[in-house]
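*Asks:* Submitted below is the structure of interest, expressed as structure tokens.
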Amino acid sequence: YTSSSFADEGTAPHLLASTALEAGNDAAHYKGYGIVFAKFDGDDRSQCMWEDFAQPPMVITSRYEVNAEMALAVQDYLDYVRGVQAATGATLMVEQRLSIESITGEPDAHGTSDVVLLAPRELIIVDLKYGRGVAVEADENPQMQIYALAAYNEFSLAQDFDTVRMVIHQPRL
């Protein structure tokens with residue numbers, strides 16, 4: 001996987017959002033922290049991580065700082081997710097890896113949903129889109145539909161759902 005600067009700029013806030021959700025912090029707590037993309041020599045795959053965790057022999061390929069703009073946009077997303085969780089009494093799952101093999105037909109295919117909320121009788125999928133300028137259409141969005149179906153397949157055995165809610169949160173538009 002070879003990344004682009006646009007993809008990296010979208011991935012860095014996801015690390016901030018997932019870290020803040022899991023730790024119970026606000027995004028501003030991480031202002032000034034560095035998020036890097038690093039890879040091992042000879043490996044084309046970049047890994048997104050907090051700068052403190054990038055150690056040799058990893059090579060940093062790009063760096064983003066959690067600045068006021070990123071913190072504000074991610075906080076908007078955090079507030080939304082936490083508000084839905086509080087209002088519904090849902091169980092929060094962050095960066096939930098989901099099997100999509102039965103949907104795509106690809107052996108061992110997986111996707112990662114930013115947030116899955118298991119509320120009484122409702123399954124809620126929330127996706128953060130950090131890009132600016134180009135809206136991601138929510139209506140009949142294939143990625144959201146795949147993640148919702150994968151989450152439904154995984155969790156409907158343990159819980160009954162009357163509703164599946166799919167949310168694309170785009171705080172910078």
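*Asks:* As a test question: what accessible area, to the nearest 10 Å², does LEU21 have when a 1.4 Å probe is rolled over all protein chains in place?
*Replies:* Ignoring ligands and nucleic acids, LEU21 comes out at about 20 Å².
*Asks:* While we're here: Report ILE146's accessible area, 1.4 Å probe, all protein chains in place, as a number in Å² to the nearest 10.
*Replies:* Spelled out: ILE146, probe radius 1.4 Å, area about 50 Å².
*Asks:* With angles folded into 0 to 90 degrees, how steeply does helix 142-155 sit against the dominant principal axis of the chain? Use alpha carbons for both and round to 10.
*Replies:* Between the helix axis and the principal axis of the chain, the angle is about 60 degrees.
*Asks:* Among [x] 22.1, 74; [y] 14.0, 44; [z] 16.8, 50, which is the computed Rg and Dmax of the Cα atoms in Å?
*Replies:* Answer by label: [z].
*Asks:* Continuing with this model, one more query. Mean residue ellipticity at 222 nm from the helices of the chain, using -39,500 (n - 2.57) per DSSP H segment of n ≥ 4 over the full residue count, to the nearest 500 deg cm²/dmol? The partial results should precede the final answer.
*Replies:* On the way: 4 runs with 58 residues, N = 173.
Rounded to the nearest 500, it is -11000 deg cm²/dmol.
*Asks:* Stretch GLN145-ILE103 to full length: gain in nm at 0.36 nm per residue minus the Cα-Cα span? Write down the numbers at each step before the final one.
*Replies:* Numbers: separation 42, 0.36 × 42 = 15.12 nm, distance 1.01 nm.
Extra length available between GLN145 and ILE103 comes to 14.1 nm.
*Asks:* With a ≥ b ≥ c the root eigenvalues of the C-alpha gyration tensor of the range 24-99, is it rounded (a/c under 1.5), prolate (a/b larger than b/c) or oblate? Write down the numbers at each step before the final one.
*Replies:* Values: a/c = 3.30, a/b = 1.69, b/c = 1.95.
In terms of gyration-tensor shape, oblate.
*Asks:* Roughly to the nearest percent, how much of the accessible area of the range 1-73 is carbon and sulfur, given a 1.4 Å probe?
*Replies:* Using a 1.4 Å probe with all protein chains present, the range 1-73 comes out at 53 percent carbon and sulfur.
*Asks:* Just to be sure I understand the model, the point goes 7 Å from the Cα along the line to the Cβ. What's the resulting VAL136 to GLU22 distance in nm?
*Replies:* 2.0
*Asks:* Using Cα pairs under 8 angstrom and six or more residues apart, how large is the relative contact order of the chain, in percent? Don't skip to the end; give the middle numbers.
*Replies:* Details: 293 pairs, mean separation 33.0, N = 173.
So the answer I get is 19 percent.
*Asks:* Per residue, how much accessible area does the range 32-167 have with a 1.4 Å probe, in Å²? Let's see the in-between values first.
*Replies:* Values: 7470 Å² over 136 residues.
Dividing the accessible area of the range 32-167 by its residue count gives 55 Å².
*Asks:* To continue, here is another question. Dipole of the chain (Lys/Arg Cβ +1, Asp/Glu Cβ -1, origin at the Cα centre): which of GLY10, MET93, TYR77 lies farthest to the positive side?
*Replies:* Comparing the listed Cα positions along the dipole, TYR77 ranks first.
*Asks:* Got a number for carbon plus sulfur as a percent of the range 104-173's accessible area, 1.4 Å probe?
*Replies:* On the way: 1850 of 3760 Å².
Using a 1.4 Å probe with all protein chains present, the range 104-173 comes out at 49 percent carbon and sulfur.
*Asks:* Given a Förster distance of 22 angstrom, what is the FRET efficiency for VAL59 paired with VAL94, based on the Cβ-Cβ distance and rounded to 0.05?
*Replies:* Values: r = 28 Å, r/R0 = 1.27.
Step by step, r from the Cβ atoms, then E = 0.20.
*Asks:* Pick from LEU117, LEU128, LEU157: which residue has the top mean-square fluctuation in a GNM of the chain where Cα pairs under 10 Å get a spring?
*Replies:* Largest GNM mean-square fluctuation: LEU157.
The values are calculated or read from the model by the stated rules, or taken from the named source; none is laboratory data. Just so we're clear, the structure is a prediction, and the values are computed from it rather than from any experiment. Every residue, glycine as well, gets a Cβ built from its backbone with ideal geometry; the counts of neighbours run over all protein chains shown. Heavy atoms of the whole protein, side chains included, go into the accessibility calculation; ligands, DNA and RNA do not. Shrake-Rupley method; radii C 1.70, N 1.55, O 1.52, S 1.80 Å.
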